[in-house]
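Colleague: Here it is, the structure, as structure tokens.
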Amino acid sequence: MKNRLIQLIEEQGIVTAPGVFDGISSTLVEQAGFSAVYASGGAIARSSGVPDIGLLSLTEVVDRIRQIVTATDLPVIADADTGFGELINVKRTVQLFAQTGVSAMHLEDQQFPKRCGHLEGKSLVSKSEMCNKIAVAKKYARDMLVIGRTDAIAVSGMSDAIDRARAYVDSGADMIFVEAPQSLAQIEQIAAQVPGPKLINMFHSGKTPLVNTVDLQQMGYQLIIIPSDLQRAAISGMQKVLAEIYHSGHSGALADEICSFSEREQIVNTAAFLQP
């Protein structure tokens, strides 16, 4: 049976997957009409109250991804960071991710523990080590896509990033993710020089300039992830409500900006759950 994400790409040409971090954010993405969901490792970490610097354990992340997959019928692309260690860790990571039912997962070539791709101070494993990780991942991935990510642009430059991306394709990666290009020229260079399907990360206020979906498709990208915009919008919304509650004791002044009780229950489909 063909992978669901591949089917979507073949049908649509390019797929946009907003980043989520729990069941309700996953549900909202589906209700908004999108066709795929991105389980953002960074957003999952921050929703646990810690930064995206490799602090959560494999099982903590897998438990959250299982919630995300359960809450939606859409294919889920999951962030597997570095595979949580060496080759034996990558094997277990891939097996557990596959068991959750995700359609794809990406592995990155940072040293463990990693940090957010748009933070400074990253370091890389060798190209050969990452190629071995991808080969192991492919061996245990079942029908799940393995996406190879390189963070080399900020560490060793664009030339090495392209070289690594090509090597990861040769090692079996189904798709390539070159993280944090810093200009339109770099985005175009990646599209032109890296073979096979390509993922690009688009979010407001990161290192990568924002490019519209049509242009990205014409360049040769097939998958767009928007990792953190939903979470940052939620943070801003919660801060505003908290300020009003602190000031007046309730949120009544913001009633028009807050989801109502009945709307909330409709979103989580309470009536259906209560049916025997």
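The values are calculated or read from the model by the stated rules, or taken from the named source; none is laboratory data. Please read all numbers here as calculations on a predicted model, not as lab measurements. Note: ideal-geometry Cβ built from the backbone for every residue, glycine included; neighbour counts use all protein chains shown. Accessible surface is based on the protein model in full, side chains and every heavy atom, while ligands, DNA and RNA are left aside. Shrake-Rupley method; radii C 1.70, N 1.55, O 1.52, S 1.80 Å.
Colleague: What pairs come out if I take residues in segment 48-71 that are touching a residue at least 60 places away in the same chain (Cβ under 8 Å) and closer than 22 Å to I24 by Cβ and pair them with residues that are in a helix (DSSP H, G or I) and open to solvent by less than 40 Å² (accessible area, probe 1.4 Å) whose C-beta lies under 6 Å away, six or more apart or interchain?
Modeller: Going by the 6 Å Cβ cut-off, the qualifying pairs are D52/G42; D52/A45.
Colleague: Considering G83, G54, which residue is open to solvent by less than 70 Å² (accessible area, probe 1.4 Å), at pLDDT below 95 and at positive phi?
Modeller: G54
Colleague: Ok, one more. For segment 110-126, name all the residues that are touching a residue at least 12 places away in the same chain (Cβ under 8 Å) and over 15 Å from F177 (Cβ atoms).
Modeller: Listed by number, the residues that qualify are Q111, F112, P113, R115, L119, E120, S123, V125.
Colleague: Hey, another quick one. Only one of L145, L107 is in contact (Cβ under 8 Å) with a residue 60 or more places away in the chain and open to solvent by less than 20 Å² (accessible area, probe 1.4 Å); which?
Modeller: L145
Colleague: Restricting attention to segment 255-276, and to residues there that are of a type in the set (A, V, I, L, M, F, W, C) and more than 29 Å from V50 (Cα to Cα), which single residue is most open to solvent (accessible area, probe 1.4 Å)?
Modeller: Here the answer is F273.
Colleague: Among the residues that make up segment 242-250, is at least one of them of a type outside the set (D, E) and part of a loop (DSSP other than H, G, I, E, B)?
Modeller: Yes, because at least one residue in segment 242-250 is of a type outside the set (D, E) and part of a loop (DSSP other than H, G, I, E, B).
Colleague: Check S40, S26 and return the single one that is at pLDDT 95 or above, touching a helix residue (DSSP H, G or I) at 6+ places or on another chain (Cβ under 6 Å) and either open to solvent by less than 10 Å² (accessible area, probe 1.4 Å) or closer than 21 Å to I147 by Cα (or both).
Modeller: Selected residue: S26, the only one of S40, S26 that is at pLDDT 95 or above, touching a helix residue (DSSP H, G or I) at 6+ places or on another chain (Cβ under 6 Å) and either open to solvent by less than 10 Å² (accessible area, probe 1.4 Å) or closer than 21 Å to I147 by Cα (or both).
Colleague: Same structure, new question: Looking at segment 1-23 only, could you name the residues that are buried (at least 16 other Cβ atoms within 10 Å of the Cβ) and either more than 14 Å from the chain's Cα centre (by Cα) or among the charged types (D, E, K, R) (or both)?
Modeller: Scanning segment 1-23 gives N3, R4, I6, L8, I9, I14, D22, G23.
Colleague: For segment 221-242, give me each residue that is among the small types (G, A, S), open to solvent by less than 60 Å² (accessible area, probe 1.4 Å) and closer than 23 Å to D79 by Cβ.
Modeller: S228, A234
Colleague: Looking at (1) without any contact (Cβ under 8 Å) to a residue 40 or more places away in the chain; (2) assigned to a loop (DSSP other than H, G, I, E, B), which one does G206 not meet, given that it meets all the others?
Modeller: (1)
Colleague: What tally of residues in segment 100-141 results from selecting those that are under 18 Å from the mean Cα position of the chain (by Cα) and part of a helix (DSSP H, G or I)?
Modeller: Summing the residues that are under 18 Å from the mean Cα position of the chain (by Cα) and part of a helix (DSSP H, G or I) in segment 100-141 gives 3.
Colleague: Given (1) modelled with pLDDT of 95 or more; (2) open to solvent by 40 Å² or more (accessible area, probe 1.4 Å); (3) in contact with a helix residue (DSSP H, G or I) (Cβ under 9 Å, 6 or more places away or on another chain), identify the lone condition not met by H204.
Modeller: Against the list (1) modelled with pLDDT of 95 or more; (2) open to solvent by 40 Å² or more (accessible area, probe 1.4 Å); (3) in contact with a helix residue (DSSP H, G or I) (Cβ under 9 Å, 6 or more places away or on another chain), H204 comes up short only on (1).
Colleague: Within segment 166-193, how many residues are small (G, A, S), crowded, with 16+ Cβ neighbours inside 10 Å and over 19 Å from the mean Cα position of the chain (by Cα)?
Modeller: Within segment 166-193, residues that are small (G, A, S), crowded, with 16+ Cβ neighbours inside 10 Å and over 19 Å from the mean Cα position of the chain (by Cα) number 4.
Colleague: Right, here's the next one. Out of (1) open to solvent by 10 Å² or more (accessible area, probe 1.4 Å); (2) part of a loop (DSSP other than H, G, I, E, B); (3) in contact with a helix residue (DSSP H, G or I) (Cβ under 6 Å, 6 or more places away or on another chain), the odd one out for G33 is which?
Modeller: Exception for G33: condition (3).
Colleague: At pLDDT below 95 and either of a type outside the set (D, E) or assigned to a loop (DSSP other than H, G, I, E, B) (or both): is that true of S159 in this structure?
Modeller: Against the criterion (at pLDDT below 95 and either of a type outside the set (D, E) or assigned to a loop (DSSP other than H, G, I, E, B) (or both)), S159 does not qualify.
Colleague: Please specify each residue of segment 36-81 satisfying the condition of being assigned to a strand (DSSP E or B) and among the hydroxyl-bearing types (S, T, Y).
Modeller: If the condition is that a residue be assigned to a strand (DSSP E or B) and among the hydroxyl-bearing types (S, T, Y), then Y38 is the only one that fits.
Colleague: Looking at segment 128-136, is at least one residue of a type in the set (K, R) and farther than 20 Å from A43 by Cα?
Modeller: Yes, the conditions are met somewhere in segment 128-136.
Colleague: Only one of these conditions is not met by T59: (1) within 20 Å of D229 (Cβ to Cβ); (2) open to solvent by 30 Å² or more (accessible area, probe 1.4 Å). Which number is it?
Modeller: Failed condition: (1).
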